[in-house]
Amino acid sequence: MRFTSAMPAAFGMVVATTTLWAQAPATPPASWRGAGSPPCIGTDGGSYQCPPAARTIAVRAGRMFDTTAGTMLTKYVVVLHGDRIIDVGPEAHIKIPAGAQVVDLGQATVLPGLIDAHTHMFNQRGPKTTTEAAMLIAVQNAQADLRAGFTAARDMTSHGNGYGDVAIRDAINQGRIDGPRYQVSTLGIVWGASPATAPQNPLASTVVRSVDDARAAVREQIEHGADWIKLYPAGGYSFTATGEDKYVVTYPLPVLQALIDEAHRLGHKTGCHVYGGEGQKNAIIAGCDTIEHGFGLNQEQIDMMVAKGLYYDPTFVRYTEPYMDDDDARNTGGKYRMIPIFERAARMAAATRGLKIMVGSGADGSTFPHGTQGLEFESLVKRVGMSPAAAIQAGTTTNAEALGWKDQIGSIDKGKYADLIAVAGDPLSDITELQRVRFVMKGGRIVKDELTRPR
């Protein structure tokens, strides 16, 4: 006798890397004859107001968290010009350039912009959702994430919205809309064991049934702009009559290996949605770059991840919400629960020296609204056992490294992007401060300011 979870079976996902910077606007027309001053021209040939000229800004910080060392510094100044940091150091050693705008954040704590390594900018697409409505919701979600202090993010499939995430990523890079710096994984790749009986929905996950299918699917998604390839090596979970957790295996190992190898051959990374069991172990053996969720991780698998240099992204809050217990109670008659199993695995991972733990929310507009991802840091500290400093580093330097952007974001250093946030208190004393981000700057532009300006 087996009790089956109501959790949907897991399918495949893929990941890749994109440019981090805004694309330079096209040169204004030589002889503009329209309204106003000469505009910039977009990739579609349409005109839009050019961004303002680069300026120099000095940000004074009563406290500044050094994500590289994991220590809190006091009375620091960050000087930026345009979208880059040009100097940073103790206020006694930094000369503020003449004419620079000074942003005095008083006794607030300044940190680098946070990075959410597992978002879904698109909500799950309903049967009556139009493409236009889905895109508007996705833009709203992206803007909510940015205002919450997440200046960069990895999007882990478009939830049945095809390559819409590529369009939003590119619009943000072009400066047309506000949002985090994104890496996207487009449709994701799933396993289909039986022959196709109906035409595939071009907006849904790509279905593969062989090694050749797998390699072709990776190439197609990358050609369409995917940064990452998202895969689903392990499906839904269930419990045996004695309470043992079991997990569905999806791709055969040779197919999974082909998916990962093809992505790596083309210079892209893979993220694997796994809950546990053989499929999860296969993902580690095959070298999937990031292991997502991992309810049933054991010490052997964690040690394998450390040896291979793989990253672990637990998305802890998303899978410890009340609906998990509701589903388990309904499907097991109240006998067995997944949350304690997941909590033990996450704590084991956090206690293992050398494991690279990421911060990803899984925010998807259902049980985890966009803009509230600061909750993830609190759970990592209070339920998983990470120190506040380690949790913040996971959501900054570790995530930046996993995304291949460590030389651009994740810490407040000269030459990096001027992505800064600030909270009123000290997040090392109260990690919930990250749920109340009061100041957001992305690329030198202030997006939100509740510290120096009246709300």
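The values are calculated or read from the model by the stated rules, or taken from the named source; none is laboratory data. Quick caveat: nothing in here was measured; it's all calculated off a predicted structure. Don't worry about glycine lacking a Cβ; one is built from the backbone with ideal geometry, like all the others, and counts go over all protein chains shown. Ligands, DNA and RNA are excluded from the accessible area calculation, which covers all protein heavy atoms including side chains. Shrake-Rupley method; radii C 1.70, N 1.55, O 1.52, S 1.80 Å.
A few notes on this one:
- Residue-normalised accessible area of the chain, expressed per residue, 1.4 Å probe, Å²: 41
- Ordered from largest to smallest accessible area (heavy atoms of protein chains, 1.4 Å probe), the residues V447, V79 come out as V447, V79.
- Looking at region 225-319 alone, DSSP beta bridges between its own residues are antiparallel in about 25 percent of cases.
- Farthest positive-ward along region 316-455 dipole, Cα basis, beta-carbon charges - from G333, A424, T396: T396
- Carbon + sulfur, % of accessible area of the chain - ligands and nucleic acids excluded, 1.4 Å: 52
- In this rough spin-label picture, where each label sits 7 Å from Cα along the Cβ direction, the Y48-E278 distance is 5.0 nm.
- Given a 1.4 Å probe and the protein chains as shown, L375 ends up with an accessible area of around 60 Å².
- FRET efficiency, 1/(1 + (r/R0)^6) with R0 60 Å, evaluated for S31 and E321 via beta carbons: 0.55
- Computed on the chain, the Cα convex hull volume stands at 164 Å³ per residue.
- Cα-based helix-to-principal-axis angle, 253-265 vs the chain, degrees rounded to 10: 20
- Region 179-254 versus region 380-455: alpha-carbon centroid distance in Å: 32
- Rounded to the nearest 20 debye, dipole of the chain from Cβ charges on Lys, Arg, Asp, Glu: 640
- Tail beyond 25 Å, pair distance distribution of region 221-327 (Cα, percent): 22
- Neighbour-limited loop hits for chymotrypsin sites (Phe, Trp or Tyr not before Pro), region 52-157 (at most 10 other Cβ within 10 Å; DSSP other than H, G, I, E, B): none
- Heavy-atom accessible area ranking, 1.4 Å probe, most first, across I137, I222: I137, I222
- Sparse-neighbourhood loop sites, trypsin sites (Lys or Arg not before Pro) in region 284-372 - DSSP loop, at most 14 other Cβ within 10 angstrom: K335, R353
- Note on the chain: helix-only mean residue ellipticity at 222 nm, from DSSP H runs of 4+ residues weighted -39500 (n - 2.57) and normalised by residue number, equals -7500 deg cm²/dmol.
- Using only side-chain charges placed at the Cβ, +1 for Lys and Arg and -1 for Asp and Glu, the dipole size of region 297-435 relative to its Cα centre rounds to 380 debye.
- Prolate/oblate/rounded call for region 336-404, Cα gyration tensor, a/c under 1.5 rounded: oblate
- E292, E91, ranked by accessible area, largest first (probe 1.4 Å): E91, E292
- Distance violations [Cα-Cα > 20 Å] among K356/K416; K246/K281; K308/K414; K75/K95: K356/K416; K308/K414
- Here the label points at A133 and I96, each 7 Å from Cα along the C-beta direction, are separated by 5.0 nm in the simple model.
- Taking Cα atoms only, the orientation of helix 339-350 departs from the longest principal axis of the chain by about 60 degrees.
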